[in-house]
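Below: the structure, in structure tokens.
The values are calculated or read from the model by the stated rules, or taken from the named source; none is laboratory data. Because the structure is a prediction, the values reported are computed rather than measured. Here the Cβ positions follow ideal geometry from the backbone for every residue, glycine too, while neighbour counts run over all protein chains shown. Quick note on the areas: whole protein, heavy atoms, side chains included, nothing else; ligands and nucleic acids left out. Shrake-Rupley method; radii C 1.70, N 1.55, O 1.52, S 1.80 Å.
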Amino acid sequence: MPCEGVRSVVTPPSNSGESTGSRRFAVAESFRENPSLAPHFLEILFHLDLPPYATVAVVEASLDQLIPVEFCADLVLELRDGAGELVLSIVLEVQRDIDRRKGYSWPVYVAVVRARKECSAVVLVVAPDAEVAAWAAQKIDLGLGLGTLQPLVLGSASVPEVTDQAQAEKETELAILSAVAHGNGPNGLAVVQSALGALGRLDHEHAAVYFQIVYNALREPMRRALEALIMERQTEGKASFPPFAQQLIERGRIEGKLEGIREGKLEGILEAKRDALLRLVARAGIALTADHRERIQARKDPATLDRWVDNALEAKDASDVLS
């Protein structure tokens, strides 16, 4: 079958959940919408000296050959100089799982592009998961150690933690990648907060897509912590997040608490924070005694509950959580 072309218009994902394929599409689409991101990241993250170029364009991702097999990359971009000469092709792949077949198909991508276009070519892999990124970054032996292919991987090892709001607003797409790569780590909440705070400079359609990309990359504990943060900011009247982020706090399991939160009642805020804390602790497999639970329920200080929520993301036992 021929490889389907990627749509040229960004469509915000539905709230009913996404498949891995649609999440992968959303990441690739961000590069299609802004092709200059790929060479920009090659320069600032991998410190590569790219040939002088004037334009970057998305081309057909289907790699036909003179054999009965067709390979299909997520995206192929071409860099051309001022005279229109092709100077570099970038084959972009979004990889969410370890797939040993890629060790054979990625060299094909490069070989076909080089042969067809008669230019240099590289494989750029976007791998949100740290384990997948480490696997994808391995050199691919082409045979008997006589030649190798080195994929370039955008993952936790190459993408910095962007926590500075000014930097996030200047490099919004880098901040989004940072949130995807580091959102579940020790500084995850700060990284995610910076990325989402920068979405205000984008139009609603693109901001909604980027928001969904980040949210889908988060594991359950960090999602709960983010929801608690959004609820707190909305209660305090701080516009730190785009308006559609409120969809997160309209879920059925917390809907009964929202009226009190919207009215600014302290008990509503405390209840939401306690609920987020207990969910994080339960998912981390940490056992709480009756005394621990009584201490949590008796706490009337939102700042302390916030600290305990942060502790729970990396805690090994109840004493770590309630420190």
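A few points about this structure:
- Comparison of 271, 259 shows that the only residue that is at pLDDT below 80, in a helix (DSSP H, G or I) and surrounded by 14 or more Cβ atoms within 10 Å (Cβ to Cβ) is 271.
- Unique match (being in contact with a Pro (Cβ under 7 Å, 6 or more places away or on another chain) and modelled with pLDDT of 80 or more) among 57, 28: 57
- Among the conditions (1) surrounded by 18 or more Cβ atoms within 10 Å (Cβ to Cβ); (2) outside any helix (DSSP H, G or I), the only one that residue 157 does not satisfy is (1).
- Residue in segment 164-184 that is farther than 29 Å from residue 207 by Cα, open to solvent by 20 Å² or more (accessible area, probe 1.4 Å) and assigned to a helix (DSSP H, G or I) present: no
- Residue list for segment 130-157, filter: touching a Ser or Thr at 6+ places or on another chain (Cβ under 7 Å) and aliphatic (A, V, I, L, M): 130, 133, 140, 142
- Residues (farther than 15 Å from residue 223 by Cα and acidic (Asp, Glu)) located in segment 268-287: 271
- For segment 111-118, the count of residues that are open to solvent by less than 60 Å² (accessible area, probe 1.4 Å), in contact with a helix residue (DSSP H, G or I) (Cβ under 6 Å, 6 or more places away or on another chain) and touching a residue at least 12 places away in the same chain (Cβ under 8 Å) is zero.
- Scanning segment 67-93 for residues that are surrounded by fewer than 19 Cβ atoms within 10 Å (Cβ to Cβ), at pLDDT 90 or above and not aliphatic (A, V, I, L, M) turns up 80, 81, 82, 84, 85.
- Residue within segment 94-109 that is surrounded by 21 or more Cβ atoms within 10 Å (Cβ to Cβ), aliphatic (A, V, I, L, M) and at pLDDT 90 or above present: yes
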